1. For region 7-56, treating each Cα as an identical point scatterer without solvent, what Debye log10 I(q)/I(0) comes out at q = 0.16, 0.31 1/Å?
2. Take the alpha carbon atoms of region 58-95, find their center, do the same for region 99-140, and report the distance between the two centers in whole angstrom.
3. Say each of N37 and V72 gets a label point 7 Å from the Cα, pointing the same way as Cα to Cβ; how far apart are those two points in nm?
4. To the nearest 20 Debye, how big is the dipole of the chain about its Cα centre, given +1 on the beta carbon of each Lys and Arg and -1 on that of each Asp and Glu?
5. Have a look at V121, L143, S131 and report the one farthest towards the positive end of the charge dipole of region 106-152, computed about the Cα centre with Cβ charges (Lys/Arg +1, Asp/Glu -1).
6. What does the charge count around A30 come to, taking other residues whose C-beta lies under 12 Å from its C-beta (Lys +1, Arg +1, Asp -1, Glu -1)?
7. Over the chain, consider all pairs of different Cα atoms and compute the Kirkwood hydrodynamic radius from their mean reciprocal separation; express it in Å, one decimal.
8. Cα to Cα, under 30 Å, and not fewer than 8 places away if on the same chain: which lysines meet these conditions relative to K46?
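Just so it is clear, none of the values below were taken in a lab; they were calculated from the coordinates. In this text the structure is predicted, and so the values were computed from the model without any measurement. Positions of Cβ are generated from backbone atoms using ideal geometry, with glycine treated the same way; all protein chains shown enter the neighbour counts.
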Amino acid sequence: MPVRGYQVKAGELCNREVVTATAEMSIQEAARLMRDNHVGCLIVVKENGGQVEPAGILTDRDIVIELIAKGVPIDDVTVGDVMSFAVLKVTEAETVFETAQRMRSRGVRRVPVVSTSGALVGVLALDDILSLLAEELSLLARLTQREAEQETKKRSLPC
């Protein structure tokens, strides 16, 4: 089995079951969606020409840092009031390596994955990339172990 690691495309690794919100949604509704779906972020979407596109992102951290920690009453706050508009998006065809580089340069842990036409197709998280790399490192560790076993076996054969 070859080590594929960073050659994997974002579209192959992303989670295609994306939990979404709209900018008009209340923060309470958004928090409930996060809790009910066990996710740390919502991709904020808008409709554009009949397709759903990412317009921003709202994280649980945004809610805590921007609202709760500041004591902001959340009754009239909407997702659009708190979400990040300058959302980093990657295409399905971008490699995990390219995606990781872009995520690092922007300091983000999650990115929406879009089709070539800009439609939302998934979300890719740092955790997804780390899981892939852990599998790859495990494969390499087994390779090293197998090499040592082969060497030991070779030495025990008569000349």
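1. Per q value, in the given order, log10 I(q)/I(0) is -0.54, -1.16.
2. Here the two parts' Cα centres lie 19 Å apart.
3. 2.1 nm
4. Working: 19 positive and 23 negative charges, 175 e Å.
Dipole size: approximately 840 debye.
5. V121
6. Working: positive: R32, R35; negative: E24, E29, D36, D60, D62, D81.
Summing Lys and Arg as +1 and Asp and Glu as -1 gives -4.
7. Details: mean 1/r = 0.0560 Å⁻¹.
The Cα-based Kirkwood calculation yields 17.8 Å.
8. K9, K70, K89
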